[in-house]
Every structure is written in structure tokens, then in C-alpha cells.
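The values are calculated or read from the model by the stated rules, or taken from the named source; none is laboratory data. Since the model is a prediction, treat every value here as computed from it, not as a measurement. Here the Cβ positions follow ideal geometry from the backbone for every residue, glycine too, while neighbour counts run over all protein chains shown. Note: areas computed on protein heavy atoms with side chains; ligands, DNA, RNA excluded. Shrake-Rupley method; radii C 1.70, N 1.55, O 1.52, S 1.80 Å.
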Amino acid sequence: MKFSPFKRKKQDAPQTDGAYEIPSHIALIMDGNGRWAARRGLPRSAGHAAGAETFRRVATYCKEIGVRYLTVYAFSTENWKRPPDEVGAIMELLERYLKEATDKMERDRVKLKFFGDLSALSDGLRALIHDTEEISARFDGVQVNICVNYGGRDEIIRAARLWRERADDGAELTEESFGGFMYSAGIPDPDLVIRPGGEMRVSNFLLWQAAYSELYFTDTLWPDFTPRELDKAIKAYNSRERRFGGVL
Ligand code: IPE
Ligand code: IPE
Ligand code: MG
């Protein structure tokens, strides 16, 4: 059967295009920007700019096909090791995206959330993030979680600290109660984690939440990633047998 792009649907999960189930929650490691630029003789920042465009396109597509949650890895706790001008370029792109997103939010009905330790960001960027989250909180379209200064280990340590500070006396420590202190509290775990860029590792992404996610790797560099590539990943996801440790 020829694989066709998914049609827009507005109904309860799981969404399908007739043949394929659309994962409720897709997580994306947006990797390969630097190599994309290097292959073109461009500075790495040009790769990040191209990657930001790809993010816009893919997020729009996810919304169209009925993905409910999209979590993207934009900047890790380890990415501060990069040269300051590259870090600055990434932060500027983020700022530009946020300014533009707040203008279009009403129309797009995208709910934006940020996962990560935002205390390390500039005051201006933090204020923008705060405003964006507040404005978009009421929207019910796709929820896009942008991971900035995010690390899976950092998130787990933070949750442990919060547990110590805030959990009620005698509260039982369970996966569920502890999960309530993660950035992802209240959001289902990702069904599918996609990593473009050719590397087969998780690089400190969603260590807690991806316990049973299906993983999909592709050599395509993130700026070259298209909605058709996402279709391919969803098709592959549909061929997986999710057992969660049980038997079918
Ligand atoms: C991903 O692309 C973006 C960030 C990590 C911020 P890279 O910049 O890691 O691109 P490569 O892996 O060097 O090609
Ligand atoms: C992972 O990519 C982080 C993001 C995409 C934001 P990296 O390029 O930082 O990962 P490594 O260094 O190859 O593991
Ligand atoms: Mg990389």
C-alpha cells in the first residue's frame, strides 16, 4: 500500500489516518545542525537557523495530524561547552521564535511549555518564556514542550530536591508521586523518540520519561528533516510491538 500523508483529525486519541495510529506524544532530538552547515561551508549558526525553520514546519505538521504533545530538545545542560558565539546564536534564535510565536499564538492555538533550568538564561529570555507560557496556557491545540538547558539527570535531581522540600509529611514515594515533580508532570510519556543526525544515543534526553518509548533514528540531519520523514517514523512506530515488559 502506498503511504500517504496523514489527514487532519479532530477526535479523541488514538488518532489515525485510517491505516496508522498517530502517537499522542512525540519527542525529537533536533541534532545535526552543525554538520548541515559545515557541508555547505556555512557557520554553525546558519545550521541552527535552518534547524529553527525545520522546527516550525514539523511542529505545524504535528498539529495538523493530531499529535497532542511534541517535546523537542533545543539546548542541553551539556551544550554550554560550545563556543560562546554559538550559544549566543542559539539563544537569539530562541528569542526570535518566542517573539514570533506570541504574535501567532491566538491563531495557532499552540500551548508552549519549557522544560529545563531556566535560571541560567538571560533575564530577557526568561521573561519572554514566562509571558509565552502564560499567554498560551489556555490553548488546547498541540502542546509543544521546548527543552532548554535541559538534562535528564538534572531533571531527576531537581525532582528529588523538590520532593524533599515540598512533599507532604508521610507522603508515599512512588513512580507516580515522584513523576509529579518532573517538568513533564501531568503529561503522558513519549510514545516515540526520534533522533535525526545519525547518532544512536539519548544524550541525556528524557531519561525518566522515555523508559518505554519507541526509538527511531535516522541519518537525515535535522535541517533536512521533513514532514515526510516524520510520516516514515510514524509508520515505523506502527510496526512496533509495544509490550511494556508483558507478553502479547
Ligand atoms: C543540534 O545540532 C542543536 C544543538 C545541540 C543545540 P548540533 O549543533 O549538535 O549539530 P551537529 O551534531 O554538530 O551536527
Ligand atoms: C543533543 O545533541 C542535544 C540537542 C539536540 C539539543 P548534541 O549534539 O548535544 O549531542 P551529542 O553531543 O552528540 O551527544
Ligand atoms: Mg549534535
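For the residues 235, 99, 111, a 1.4 Å probe over the protein chains yields an accessible-area ranking, largest first, of 99, 235, 111.
Of the trypsin sites (Lys or Arg not before Pro) found in the stretch 141-191, not one falls in a DSSP loop while having at most 15 other beta-carbon atoms within 10 Å.
Relative to one another, the C-alpha centroids of the stretch 41-73 and the stretch 18-32 are positioned 13 Å apart.
With only Cα atoms counted, the stretch 151-248 has Rg and Dmax values of 16.6, 51 Å. Here's the list of aspartates and glutamates a cross-link from residue 99 could span, going by alpha-carbon distance under 17 Å and ignoring same-chain residues fewer than 8 apart: 53, 108, 123, 131, 133, 134. Measuring gaps between exposed loop sites in the chain (chymotrypsin sites (Phe, Trp or Tyr not before Pro); DSSP loop; at most 14 other Cβ atoms within 10 Å), the longest gap, sites not included, is 4-243.
Using the Karplus relation 6.51 cos²θ - 1.76 cosθ + 1.60 with θ = phi - 60°, the per-residue 3J(HN,Hα) values for the stretch 130-138 come to 4, 4, 4, 5, 5, 4, 8, 4, 7 Hz, with x marking Gly and Pro.
Eigen-decomposition of the gyration tensor built on the alpha-carbon atoms of the stretch 79-185 gives equivalent ellipsoid semi-axes of 28, 20, 10 angstrom, largest listed first. Shown is the FRET efficiency for residue 199 and residue 169, computed with R0 = 51 Å from the Cβ-Cβ distance and rounded to the nearest 0.05: 0.70.
Beta bridges from DSSP with both residues in the chain: antiparallel share about 10 percent, rounded to the nearest 5. Computed over the chain, the per-residue total of -39500 (n - 2.57) for DSSP H runs of n ≥ 4 gives a 222 nm mean residue ellipticity of -13000 deg cm²/dmol, rounded to 500. Within the chain, all pairs of alpha-carbon atoms sorted by distance into 5 Å bins from zero give the percentages 1, 6, 13, 17, 19, 18, 13, 8, 4, 1, 0, 0.
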